[in-house]
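A short write-up of the structure that comes next.
The values are calculated or read from the model by the stated rules, or taken from the named source; none is laboratory data. What you see is a predicted model; the values in this text were computed from it and never measured. Don't worry about glycine lacking a Cβ; one is built from the backbone with ideal geometry, like all the others, and counts go over all protein chains shown. All accessible areas refer to the heavy atoms of the entire protein, side chains included, with ligands and DNA or RNA removed. Shrake-Rupley method; radii C 1.70, N 1.55, O 1.52, S 1.80 Å.
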Amino acid sequence: MDITIKELEHLYSKGTPFERTALKDVDLSIKEGTFLTIIGHTGSGKSTLIQHLNGLLKPTAGSIEIGEFHIKSGEKEKRLKELRKHVGVVFQYPEHQLFEETIEKDIIFGPLNFGVSEEEAKKRAAELIELVGLDHSFLERSPFDLSGGQMRRVAIAGVLAMKPSILILDEPTAGLDPRGRKEIMELFYRLHQEEGLTTILVTHSMEDAARYSDRIVIMEKGTVALQGTPMEVFSDANALKALSLDIPETVQFIKRLEDRFNTTLPHSVFTLEETVEAAVSLLREEES
Amino acid sequence: MMQNIIIGQYVPGKSYVHNLDPRAKLLTTFLFVIIVFLANNWITYALLGAFTISAIVVSRIPIRFIYNGLKPILLIIILTFFLHVFLTKEGPLLFDLGFIEVYQGGVEQGVFISMRLLFLIMITSLLTLTTTPIDITVGLETLLGPFKRFGLPVHEFALMMSIALRFIPTLLEETEKIMKAQAARGAQFSSGPIKERLKSIVPLLVPLFVSAFKRAEDLAMAMEARGYRGGEGRTSIRLLKWEAKDSLLFVFLLVLSIALILLRS
Ligand SMILES: Nc1ncnc2c1ncn2[C@@H]1O[C@H](COP(=O)(O)OP(=O)(O)OP(=O)(O)O)[C@@H](O)[C@H]1O
Ligand SMILES: [Mg+2]
């Protein structure tokens with residue numbers, strides 16, 4: 001399902017003295033199967049934007065199309081529940097949504113709500129618990145006896161169990177240790193590729209953005225300030241500086257590498273491995 | 001949805017009423033509740049009305065907020081009015097609809113009782129509209145201070161109130177977050193059959209309680225770590241200052257009371 005956002009505006013507490021513009025003039029289109037990363041400073045409207053994609057927030061102006069679903073300000077989309085079945089959201093600190101007696105019951109809460117049979121839901125729970133890196137014995141345990149990181153994994157399994165075709169991740173790795181971050185991000189990326197998901201990731205990590213995304217959107221003060229492929233975005237160093245955002249370390253390194261060897265590298269090198277390779281081959285060339 | 005619910009209903013401002021010492025306002029409200037019962041004829045009720053209205057005007061609180069405070073009990077006021085009009089059979093008969101007779105005394109009683117309720121609600125709303133909840137708490141703690149001698153846990157009571165006030169917005173915010181997370185997993189809070197909606201209360205309340213208890217534990221730990229051990233010998237960071245303008249308020253109140261006593265029939 002393609003996503004098209006047109007002139008989206010969101011005002012919190014509209015019409016009261018506490019009115020506050022969180023989004024304005026947001027135009028964005030996201031093709032099915034894209035891995036899109038949203039970056040922006042705190043308060044730039046990232047969370048507000050993604051909550052529009054499954055109808056948790058309604059636009060105060062503008063419209064959103066998600067496949068056959070239309071969300072417009074002032075109109076009621078009656079099939080919100082159906083939409084939410086297609087759009088899974090992992091919120092910031094998703095472990096706060098756990099509530100059941102056992103982990104299994106919590107994971108199947110979403111699927112059951114969307115009409116999946118109990119048998120099928122339990123099958124998914126059994127698969128997912130291993131996929132998120134916990135073992136089978138966890139299913140019968142209480143979600144409240146777990147460590148924070150384990151709770152996070154269970155909560156993520158609870159969203160994945162709905163088998164969404166659009167997966168929205170709002171800083172899914174905030175507060176995890178570096179290894180946990182990597183594991184979880186790799187999991188999302190694998191799912192993205194294997195299941196052909198449309199993934200929308202909100203993150204503060206430039207490295208993750210560089211590594212996984214097809215497209216990057218930079219939000220600033222409630223509107224889209226810059227967008228494009230990682231290559232386009234990260235090579236625009238001046239624009240990034242103007243938005244006071246960091247350039248990923250690998251990109252900085254490549255810039256210095258280029259200066260040092262007086263060459264230009266192909267602008268698609270962003271991951272650590274690729275950077276190492278490029279550097280090694282440059283060094284080899286120099287030697288020979 | 002629930003953003004910016006102003007706890008209590010404090011409306012920031014800098015008027016004479018806002019700047020009064022919370023103790024003065026609390027005492028005045030308390031005394032006003034008593035002297036309202038002195039009024040028993042048109043002129044005394046007019047005096048009370050004048051006092052109430054000037055207090056509102058001086059506070060510069062928009063009428064809308066006063067009206068919001070009145071809304072919940074408007075129905076009760078109207079009901080009381082009609083009960084008196086129809087059931088009190090005093091004074092000359094005004095008109096007779098056959099099945100119902102309306103007497104002058106009934107109308108008078110109806111108007112008086114409704115005005116009494118109106119004034120009471122307006123003045124108490126004015127207290128909460130112009131005083132932050134924390135100031136009310138501190139004011140109450142100092143006013144009730146003398147009762148500590150009789151074993152009343154005044155400090156604990158005030159502490160409880162301020163902690164509750166501090167955490168209400170946090171809890172509301174949390175409620176909203178959890179509601180959204182569960183709605184994204186297909187729970188139905190605001191639409192769909194009643195049965196569905198009732199069922200979705202569990203996924204909301206359990207996480208809410210879990211986090212509230214966790215917060216309570218953290219708070220207790222943090223307070224203990226910083227050496228909190230009850231109210232004994234504790235001083236407050238908020239110093240209340242009784243000024244001339246606070247005493248002036250009591251002059252107004254005294255004049256009002258004397259006038260009421262002289263003019264009542
Ligand atoms: N529930 C709310 N009520 C009122 N204003 C809000 C609410 N949620 C967010 N805002 C305001 O809207 C703006 C955008 O907030 P949003 O949460 O979308 O930012 P964000 O980009 O997700 O930030 P972060 O990186 O800190 O998560 C902010 O100015 C914020 O103060
Ligand atoms: Mg956010």
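A few notes on this one:
- For chain A, the longest site-free run once GluC sites (Glu not before Pro) in DSSP loop states with at most 11 other Cβ atoms within 10 Å are removed: A:76-288
- Hydrodynamic radius of the protein assembly as shown by the Kirkwood approach over all distinct alpha-carbon pairs: 28.8 Å.
- Ordered from largest to smallest accessible area (heavy atoms of protein chains, 1.4 Å probe), the residues A:THR271, A:THR42 come out as A:THR42, A:THR271.
- Counting heavy atoms of the protein chains alone, B:ARG215 has an accessible area of about 80 Å² for a 1.4 Å probe.
- Cα-only radius of gyration and Dmax that characterise chain A, units Å: 20.7, 71
- Evaluated at q = 0.27 Å⁻¹, a Debye calculation over the C-alpha positions of the range B:155-234 (equal weights, vacuum) places log10 I(q)/I(0) at -1.28.
- Isotropic mean projected area of the C-alpha convex hull, the range A:10-49 (nm²): 3.6
- Relative contact order %, the range B:155-234, counting alpha carbon pairs below 8 Å whose residues are six or more apart: 33
- Subset of A:LYS31/A:LYS122; A:LYS105/A:LYS163; A:LYS14/A:LYS81; A:LYS58/A:LYS105 violating a 22 Å alpha-carbon distance limit: A:LYS31/A:LYS122; A:LYS14/A:LYS81; A:LYS58/A:LYS105
- Mean-position separation - Cα centroids, the range B:105-121 and the range B:10-44, in angstrom: 18
- For chain A, the longest principal axis of the C-alpha atoms and the axis of helix A:103-113 are separated by about 80°.
- Of all DSSP beta bridges in the protein assembly as shown, antiparallel share, percent nearest 5: 55
- A Gaussian network model of chain A, with springs between Cα atoms under 10 Å, assigns the largest mean-square fluctuation among A:GLY45, A:GLY55, A:GLY148 to A:GLY148.
- The mean number of Cβ atoms from other chains found within 10 Å of a Cβ in peptide A:73-85 is 2, as a whole number.
- Relative contact order (%) - chain A, alpha-carbon pairs under 8 angstrom, separation at least six: 21
- Taking Lys and Arg as +1 and Asp and Glu as -1, the other residues whose beta-carbon sits under 11 Å from that of B:PRO207 total -2.
- For the range A:1-98, the Cα-based Rg and Dmax, in that order, read 13.6, 41 Å.
- Placed amide H near A:THR34: partners under 5 Å, 5+ positions off or other chain: A:THR199
- Its Cα centre serving as origin, the range A:9-140 has a Cβ charge dipole (Lys and Arg +1, Asp and Glu -1) of approximately 740 debye.
- Converting phi to 3J(HN,Hα) with the Karplus coefficients 6.51, -1.76 and 1.60 and the offset θ = phi - 60°, the range A:176-191 yields 9, 6, x, 5, x, 4, 5, 4, 5, 5, 4, 4, 4, 5, 4, 4 Hz in sequence order, with x at every glycine or proline.
- Taking chymotrypsin sites (Phe, Trp or Tyr not before Pro) in DSSP loop conformation with at most 13 other Cβ atoms inside 10 Å as exposed sites, chain B has its longest uninterrupted site-free stretch at B:100-227.
- Volume of the convex hull of chain B (Cα atoms only), normalised per residue: 207 Å³.
- Placing B:LEU117, A:LEU28 in order of accessible area, with the largest value first and a 1.4 Å probe, yields B:LEU117, A:LEU28.
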